[in-house]
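The values are calculated or read from the model by the stated rules, or taken from the named source; none is laboratory data. The model shown is predicted, which means the values in this text are computed figures rather than measured ones. Don't worry about glycine lacking a Cβ; one is built from the backbone with ideal geometry, like all the others, and counts go over all protein chains shown. Just the protein is used for accessible areas: all its heavy atoms, side chains included, with ligands, DNA and RNA removed. Shrake-Rupley method; radii C 1.70, N 1.55, O 1.52, S 1.80 Å.
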Amino acid sequence: MSRPCLILVLGFGPYSLMFGCWNVRGLNNGVRQRDVRDFVKANKLHLVSLVETKVQEVNADRIMSKCTRHWQRIDNYSHATNGRIWLLWDSLELNVQPLSISKQAIHVTVSCRDWTSDAIVSVVYGSNVRVEREDLWRELLAIAHNHNLPWMVSIEVTRLRTQMDQLEALIINNGDNANLHEELRLTRISLTRVLAIEEAELQQKSRVKWLNLGDKINEFFHQAIASRRHINRIDSILNQDGVLVSDTNQIPTIAVNFFSTLLSRVNCPPTMIEEDCFGSHLNQHELQALTAPFSSECYDSKGRKWQSTNIEIQRLAIRSISAFIDYISSDASQHLLLKDSIADMLVALEGILQSRNEAVLGMAANVTLKLVNILGNSMLRYPVLELVHPLSSSLSLRQSTSAVSCAIALNQILSKLPPSNIKRQKEVWKILKETNTLDNIVGVLQDFVIGTKPVKYFQEMASLLRTILWRWPPSRYPVWSNAKLMEQLGAICAKPDSSFEVSILQLYSALALCGNGAMKLLENGESLLPIIVRCMGSSQPHSVRMEGFKLAQYLAISEQGCLRMMRSCCEPIIRAILNAMGEWSLRSGKFASDQVSLLVEACRLALITRWAGDHHGYFWKLGVDRVLLDLLPNNFHKNKQSQHFLSLRELLATARQCIDANCLSVLRPYIWDILGWLATHCQDDFNPNIHGNEHCLNVLIACTCLVFVDSIHKGRQVYHNDPSYTSMCEPASRAVLMMIYSSCKYISSQARHILSEVLMPNGEEYLKFILDSLKSIATGDKFGMSDNLKTVINLMGLVCYSSFPKYRSLVLKNDGIRTLSTFIRECLNNYVDIGRLSIAPHLHDTCIERTCCWDYSEDWEGRNILLFFSLWGQAELIRHCSFVRNHSEVTSGQAIGIVELESSETQILLLRLKEICGTFGSGPKWYAAYILSCFGVYGFPNKLGKRIGKALNEKELADVNLILMGEECLRVHGVVLMVRCPSILPPGDLPLDDKKSVGSAAGEEDTGKLCRKFRRDVRLSAHVDHQALLKLLEFVYVGFIQVDNDLVKQLKMLVRRCNLQFLSHMLRGERPKWGTAIPCYDFTPALGPVGHHFSDIILEANATELVHLTCSVCSLLVPHMHVHKIILWSSCDYLQALFQSGMQESHSQTIKVPVGWEALVKLVSWFYSDELPKPSSGCLWDSMDIGQKLHELQPYIELCWLAEFWFLEDVREICLRVVLSCLKSSRHLSVKVIQMAANLSQWKLAEVAANYMAPLYPHLRDSGDLESLDDELVDMVRRAYVRLSQESGCDHSD
């Protein structure tokens, strides 16, 4: 094994952690993997860096598991192929968080789990290219500048020395080469810095004061180290015969034999304690147990398992362990002398906990709880998890005393499991399933009767269940789907007893982490929500109120959940929120901690204002502005109830007093957020005078404007150590932006008026700073890597400034449009995922990380807020520029100098905006479309529109004639108009005999009557312009259009008459309203009853015994769907060719699709919506057995085959992704999937399934599970296994 370059010692208080570094030069070989494992073990390393691993990313996890167990890894595959740098650490000992990762370095913060101090560790593997090394040093300087923590850098010394030797040799032959001399100089500097680190290492090892010698790693160092090693060595030893032995091979054997004999239990005397010592104090059973010989009765031959079933011995062992624990502390438990003793105690407890004696079991559980509390976060260093099985098994006994003790102990162990340790989490979940823990707890709770058992029995069982639900999402479905349990919990919770309410509310909160569970709870909202409101009330204990607010938050995680709550119990919930926010009081200049925590939870629930709805009206009605203002200073509203400000100066002076008051600063980010959302969704005609709180709202607006301007001022300074800047400036800036652009005229005008006054002294200076900062970032090479918070605040500031004509002209003169165009370009070229959560710490909630089955809608501003605010600012600038709105002139280059951009720049901008309209979130799409509308482009490009747009010029399948004045006729498709623009069709104009076909006799004649093609004539008004109608039809089919200026007026009138509201808003140039959804381009409504009138063909699925459908349109008995030829013609080249072939099949009223009913439904859904329905996921998927999962997957496998036959490449790719995702989460399905794929000749899918089966091949071969497969498939799996073994360099048979 080649020598590692460094082994260092990191000190964390009383703890010393070993760090090793090694250039392994390849880690694919099994021998080198064992070398790394031995290297880690021999040096007792806690942290190790491996460079030049040459391991492909797909094999990294498997190879790392062969080198280290239970460790975690950070690598730089995202910047360099084949893993140039790996950083591995013992997750039981260390907390490691990445700072930055690059091609040449990984920088992390490291802390010991039992010590709070942090240090920075940098692992460097420098490039041989000079330019790249300069980037490395800049990176290191940035780390040094931005952090003041202890810092250790690991650099590969051997490479630097070799490189210096090579350069010196080259200079001998090329002495005049200036580049080589400069390269040598930089290499010497690097080597000098690294040698300084190595000196520190050798100083630690030599343990001598050597600095006075003034030499670098000289002979004295190595002599000191060698001397130390000599002292720690045993040169000779006496054997059992008294002979001195110096043979180094015999010394270890003699030492082992001596201690084995000395400590052997077999050689212990039969009685080590005199009976007379305890005769007068112990009973006969205790005396016999204490004086019994220490033999295999208690432990097995290896001392690894407790075997004694003697109750007295068990009692004594428990008492001894308890007494021992009473005299040690958490810190003392880490001492080396005590670690082995604690491990032995855990072995004993594991055996004793299997007892069925209630008294012994209760004692053992209590002692286990004491021991776990002593061990604390270091619990996983011991075999504590071995206790999970006996503790969870004991719950099946349902004995009150012991069951409570076991539940408490088990709950404590599960609560201390680190969430990051995925492997341990899986192991424990497997045990809980094997012991039916969930069923046992559910059985206890649903059979609980108040008064028959102690309240604590219910509380502890509910608490344990809550912990399990919180940590393991698969446990949630069996609970919320248990109707008896949910009914029992509802009945208990309905009784106003705080001793039960907290436990049940916590249970409900854990269930609400599952989206389906939350919807199940809200199905019973009429009874549950009043209970939640009651629990949030001021008459309840603090703990009950806290859990009530948390449950309400979890139920309102999504907009769907929030709106369902508001429909059932809107005003009482809003009143409870505002009452909690307004019930605080100042006691002796300080706030009670429970008051502050309750205020925070109430404010977090008040963030439901981020969604539009009727609840906004209740917030204003119940005085939210007064409540928010009272949270700024000490009861402002109560102290200045009658004040009405005579001047703006007085208003700003009062607002400054509120801002400067050091009162409840933790709530201010929530205050600004709530105010911003209220302004965003406020009604246009809102007037605060109605509620008599106009002065409160004005003070709030002034306070927000002052904080916004202060944030710009602070942004010009070094603010890294100012936490108030981070916590308050972003929410306040956001609130000002939302108020300025609010649809409410009062709020918008007040915000503009007050902000213009606040900006008066330094407005232009601040704006110039913002523009310079944004230009610097846009033109730099570190886009998205600099201070994103400051960038976001500057972008929001620029958008706010753009609302004032005076400042907007200044922005335009300073190339503001070009700067924002560069931002848009960089956001698209360098994918930057900067959501609001990354810069708004007050919104972070750990519960979101544990949710499942929630169908989250992306935030309106999208996942890249830099892009969103850049688009918003660009829209405000371009909208107020004077230029010709003619897209054809722009694209042809005739319009020169438009919006301060060159013609080519404008064309590129338009292309980027169209790209955004098709792929990004709702907010970026809307503002991109808003900018495009300035150039005469309206709507949203989309895949389905592109497909359906092909039908615009198809006349053969058209069934509606639009007749204009002069008898000019346009042939169109009724189903398209019915879905996209029904106003063109006359109301009630349907085939007279459609209803007659319902219930008629089955047969081809009946089907023909239903599906015949009919034509209708629709005469349009004489005022309809022909060119405007063509553009309208283009928009109806495609989803977006390009319109020249001279046609906009006529198109506006036509669109208004056709009631296409969103297109009408775009044509009028109205600014997008926050939260507005993208108009749905979806033809699924055509599959409903109205669409059947336009249906002209039937798709028939394979008939199965399991599917029995009754059609409301016809009397066909086979599974089928009534669809429309034009939709199929547009979406499928195969069907298009079929309809145009002229063969017999082209005239048939029925197409037999060779797939099952479920597959056909999914396929038709894709035809009409461009979306393939997803399979079940989350806890629903986890709760299914193999048969149910295969039933879910089968339609996608069938569609993979059909898509290949019908040339539906998009459908095939989607289905493959679905199957791969399911196999990844349920690898055991591969055996069935490979057979299903082979039956359909889907060999690509079969190969994928074989790769998933490869690690399981030895087990499947030995168990006989492969016997059901063909030889060809077995060979495919075998080959995949061989490839896997060759790549990893080891056998996977274990």
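Observations, loosely collected:
- Summarising the label geometry, the points placed 7 Å from Cα in the beta-carbon direction at residue 596 and residue 809 lie 5.0 nm from one another.
- Gain upon complete extension [residue 234, residue 1279; 0.36 nm per residue less C-alpha separation]: 371.0 nm
- Taking the 1.4 Å solvent-accessible surface of the range 456-604 as the whole, the part contributed by carbon and sulfur is 47%.
- Annotation for residue 908 and residue 59: the two label points, set 7 Å from Cα along the Cα-Cβ direction, are 4.2 nm apart.
- With all protein chains kept in place, the per residue accessible area of the range 535-575 amounts to 35 square angstrom at a probe of 1.4 angstrom.
- Among the listed pairs 305/426; 339/370; 416/790; 495/520; 416/1174, a Cα-Cα separation exceeding 26 Å is found for 416/790; 416/1174.
- In this structure, the pairs whose alpha-carbon distance is over 22 Å, taken from 925/946; 745/1073; 943/1152, are 943/1152.
- Fully extending the segment from residue 79 to residue 647, taken as 0.36 nm per residue of separation minus the present Cα-Cα distance, adds 198.6 nm.
- Multiplying the residue separation of residue 662 and residue 1021 by 0.36 nm and removing their Cα-Cα distance gives an extension gain of 122.4 nm.
- Mean Cβ neighbour count within 10 Å, used as a protection proxy, ranking 838-846, 1051-1059 highest first: 1051-1059, 838-846
- Protection-proxy order for peptides 365-376, 308-319, each taking the mean of Cβ atoms within 10 Å per residue, highest first: 365-376, 308-319
- Here residue 149 and residue 18 are evaluated by their C-beta separation; at R0 = 25 Å the FRET efficiency comes out at 0.80.
- Per-residue packing, averaged as other Cβ atoms within 10 Å, sorts the ranges 1153-1161, 500-508, 733-741 into the order 733-741, 500-508, 1153-1161, beginning with the highest.
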